[in-house]
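A.B. asks: Here's a structure for you.
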Amino acid sequence: MNFPSLDHIEKTDITQFQQDLLNWYKEEKRDLPWRYDQDPYKVWVSEIMLQQTRVDTVIPYFERFIEQFPTIEALAEAEEEKVLKAWEGLGYYSRVRNLQAAVKEVHEQYGGKVPDTKEAISSLKGIGPYTSGAILSIAYGVPEPAVDGNVMRVLSRIFSIWDDIAKASTRKVFEEAVRRIISKEDPSSFNQALMELGALICTPTSPACLLCPVRDHCHAFHEGTADELPIKTKKKNMRHVHLAAAVLQTEGGEVLIQKRPESGLLANLWEFPNTELSGHGHPKVELELFLEREYGIESTLDKEPFAKIQHVFSHLTWDIDVYKGTMASSVPARERSRLVSSEEVEQYAFSVSHQKIWKQAKKNGWNHS
């Protein structure tokens, strides 16, 4: 296949480029816990955690997760509730559900050994082209590209690639670029070096070009176009949803919580009862009617919300008005709901927005009866 946008690669001294990049990486790479060895399982876990999450945030989660689930077998046999709790706060929970499902398959079909071929590893749930390339190259030394937004930004500048990285088809261009330049002797360090360069030097804004180890090879630096690359079209407008939630307490001090559906957004996580508002009535009234209709309970809510929580997803924003209230000490009629003590609340895996709700409830004088 012809890739005209990669013409600059032909004019590059690839051997010198590899040497400059790898020498810098060996000197400057960060001390990260998933780099202590090349265990494919740890590489896998780290790469799933690092999707859409900052390195500094991931480090403590990774260490706790590996301590709790040190092997493929441990994660395969763990209860989903414990796995979700260990992931709590990282968001994008489908990542960890897919991870556990795939780990179970590796445990059952591959004797607990992470596959070392592209065909086998790509068939596992939640493993796309980037993750398969990362595991194969970093853990097994296979010269496969691992192309994410970070790598596309770096290569678009170095080789002056003006293809729109927001288009799915553009990934093929960058994968081909990596295939042409990757070190066959040390693909593990090479791919990590590209990622590290994007994280530390070739950043989205104000790249530190004067500190870049491959500046001499960079067309964007010489042409003064680093701030214009990569080309990325804007996403569609964010959808805003207005919700009302209730933190309800019985006379005995128990709290009503509910489990989200088994599929869809934030599947199987716990939350406080909530409803999307129509915008035609008072939020408190709509919430009280929802609680009576869905749970068959009569509640008394405070006049005003004690907190207003905003949570931003990649595609929508939740604005949540949160009310405190009381209810009768009866078992909720709705399936997947339960009454728990205020101490027990901490044991359940909640979405980030509802963790914020509980934190605000405690801060606003929650009665721990």
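A.B. asks: Within region 248-288, can you find the residues that are farther than 24 Å from Tyr92 by Cα and β-branched (Val, Ile, Thr)?
C.D. replies: Thr250, Val255, Val285
A.B. asks: Mind checking whether some residue in region 76-83 is loosely packed, with under 15 Cβ neighbours inside 10 Å, assigned to a loop (DSSP other than H, G, I, E, B) and not polar (S, T, N, Q)?
C.D. replies: Within region 76-83, one or more residues are loosely packed, with under 15 Cβ neighbours inside 10 Å, assigned to a loop (DSSP other than H, G, I, E, B) and not polar (S, T, N, Q).
A.B. asks: Is it the case, given these coordinates, that Ala102 is among the aliphatic types (A, V, I, L, M) and either assigned by TED's automatic domain parsing to the domain that holds Leu316 or in a loop (DSSP other than H, G, I, E, B) (or both)?
C.D. replies: no
A.B. asks: While we're on this one: Quick one: which helices (runs of 4 or more DSSP H) sit completely within region 170-223 and have at least 3 residues that are of a type outside the set (Phe, Trp, Tyr) and without any contact (Cβ under 8 Å) to a residue 60 or more places away in the chain?
C.D. replies: Output list reads 170-181, 187-200.
A.B. asks: If I filter region 265-289 down to residues being without any contact (Cβ under 8 Å) to a residue 24 or more places away in the chain and more than 32 Å from the chain's Cα centre (by Cα), which single residue comes out as nearest to Glu346 (Cα to Cα)?
C.D. replies: So, considering only residues that are without any contact (Cβ under 8 Å) to a residue 24 or more places away in the chain and more than 32 Å from the chain's Cα centre (by Cα), the one nearest to Glu346 (Cα to Cα) is Glu288.
A.B. asks: Restricting to region 232-264, give me the number of residues that are of a type in the set (Ser, Thr, Tyr) and in contact (Cβ under 8 Å) with a residue 24 or more places away in the chain.
C.D. replies: Residues flagged as of a type in the set (Ser, Thr, Tyr) and in contact (Cβ under 8 Å) with a residue 24 or more places away in the chain within region 232-264 amount to 2.
A.B. asks: For region 125-153, give me each residue that is aliphatic (A, V, I, L, M) and over 15 Å from the mean Cα position of the chain (by Cα).
C.D. replies: Ala134, Ile135, Leu136, Ile138, Ala139, Val142, Ala146, Val147, Val151, Met152
A.B. asks: Okay, next question. Can you tell me which residue within region 182-211, out of those that are among the hydroxyl-bearing types (Ser, Thr, Tyr) and at pLDDT 95 or above, is farthest from Gly141 (Cα to Cα)?
C.D. replies: Here the answer is Thr203.
A.B. asks: What are the residues in region 298-316 that are more than 32 Å from the chain's Cα centre (by Cα) and in contact (Cβ under 8 Å) with a residue 40 or more places away in the chain, if any?
C.D. replies: Correct list: Ser299, Leu301.
A.B. asks: Can you tell me which residues in region 19-75 are in a loop (DSSP other than H, G, I, E, B), within 22 Å of Val106 (Cβ to Cβ) and modelled with pLDDT of 95 or more?
C.D. replies: Asp39, Phe69, Pro70, Thr71
A.B. asks: For region 107-116, enumerate the residues that are touching a helix residue (DSSP H, G or I) at 6+ places or on another chain (Cβ under 8 Å) and surrounded by fewer than 20 Cβ atoms within 10 Å (Cβ to Cβ).
C.D. replies: Matches in region 107-116: His107, Glu108, Tyr110, Gly112, Lys113, Asp116.
A.B. asks: Do we have any residue at all in region 60-75 that's of a type in the set (Ser, Thr, Tyr) and closer than 21 Å to Val151 by Cβ?
C.D. replies: no
A.B. asks: Of everything in region 38-59 that's without any contact (Cβ under 8 Å) to a residue 24 or more places away in the chain and closer than 18 Å to Ser132 by Cβ, which residue is surrounded by the most Cβ atoms within 10 Å (Cβ to Cβ)?
C.D. replies: Selected residue: Ser46.
A.B. asks: State the number of residues belonging to region 236-256 that are surrounded by 13 or more Cβ atoms within 10 Å (Cβ to Cβ) and not in a strand (DSSP E or B).
C.D. replies: Total meeting the criteria: 2.
A.B. asks: I'd like the residue in region 128-146 that is among the β-branched types (Val, Ile, Thr) and either modelled with pLDDT under 95 or in a helix (DSSP H, G or I) (or both) and, out of all such residues, is nearest to Asp37 (Cα to Cα).
C.D. replies: Filtering region 128-146 for residues that are among the β-branched types (Val, Ile, Thr) and either modelled with pLDDT under 95 or in a helix (DSSP H, G or I) (or both), the one nearest to Asp37 (Cα to Cα) comes out as Ile138.
The values are calculated or read from the model by the stated rules, or taken from the named source; none is laboratory data. These figures come from a predicted structure and were not determined experimentally. Heads up, the Cβs are rebuilt from the backbone with ideal geometry, glycines too, and the neighbour counts pull from every protein chain shown.
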